Amino acid sequence: MSSLAVSDEHASPATAKAKVIQPGWVRILHWINAVAMILMIMSGWQIYNASPLFDFRFAISITLGGWLGGALLWHFAAMWLLMVNGLIYLTLGLVTGRFRKKLLPITPGGVISDARAALTFKLAHDDLTKYNYVQKMLYAGIIIVGIVIVLSGLSIWKPVQLQWLTALFGGYEIARYVHFICMALIVAFLAVHVALALLVPKSLRAMIIGR
Ligand code: HEM
């Protein structure tokens with residue numbers, strides 16, 4: 001299984017040891033999640049258009065399914081991919097200790113000082129295997145948003161069978177708003193995540209062993 005690795009910059013080129021940034025399983029699950037998320041977002045926008053919560057509709061060209069029925073089929077098909085993949089990710093993240101090692105601790109002081117450093121272009125990038133506090137907070141935050149969007153989705157999908165869950169969200173209507181807001185947070189996260197991924201590789205590529 002391939003892994004994303006960087007060289008140890010303090011070692012000589014001959015002895016440089018690869019440091020794994022992302023193990024193979026993280027990369028595979030990440031890309032499956034990306035596909036599932038895009039399908040869920042685009043079909044979700046089509047579902048929204050059938051009965052908008054706000055005073056706007058999404059352009060048909062960025063939606064999936066063609067009409068409400070088609071969009072619901074896409075949404076429920078991709079849901080299985082998202083849920084099975086997500087459960088494997090959460091299980092492995094917990095069992096291997098990756099979440100604890102990579103995402104904890106998160107301190108308010110650390111987040112504020114790293115955010116300040118990032119805004120003044122002083123954030124150190126010398127060890128790409130370690131997340132800074134802003135990354136830790138955003139990654140942990142988006143995992144929680146991912147869990148909430150699945151739970152709110154389940155609560156509006158099966159409001160009779162899972163009425164305790166729907167009640168936990170304050171009822172069907174509020175669960176719908178929660179579901180939509182989580183989608184908006186995921187889309188905002190994706191925009192920043194993709195923009196940074198496009199900017200970073202220039203420096204990262206030079207450090208990846210053998211390239
Ligand atoms: C297990 C996961 C999920 C389930 C079971 C689920 C289920 C549902 C259901 C039943 C609806 C229709 C609500 C209605 O009839 O008004 C819906 C709407 C929607 N879903 Fe999901 N969903 C899930 C995950 C996601 C994800 C991951 C996204 C996007 C990141 C998403 C985005 C949307 C959007 C934008 C809508 C339209 C909101 C509205 O107008 O009510 N869903 N979802």
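Read the figures in this text as sums done on the coordinates, not as results from a lab. Since this is a predicted model, take the numbers as computed values, not measurements.
Listed values, structure above:
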item: Prolate/oblate/rounded label for segment 57-161 (Cα gyration tensor, a/c 1.5); result: prolate
item: Segment 66-164 - percent relative contact order, Cα under 8 Å, separation 6 or more; result: 24 percent
item: Cubic angstrom per residue, convex hull over Cα atoms of the chain; result: 167 Å³
item: Per-selection Rg to Rh, segment 100-196 - Cα, Kirkwood hydrodynamic radius; result: 1.12
item: Relative contact order computed over the chain (Cα-Cα under 8 Å; 6+ residues apart), in percent; result: 18 percent
item: Amide H partners (placed H, <5 Å) of I21, local residues excluded; result: L4, A5, V6
item: The chain - mean residue ellipticity at 222 nm from DSSP helices (-39,500 (n - 2.57) per run, n ≥ 4, rounded to 500); result: -22000 deg cm²/dmol
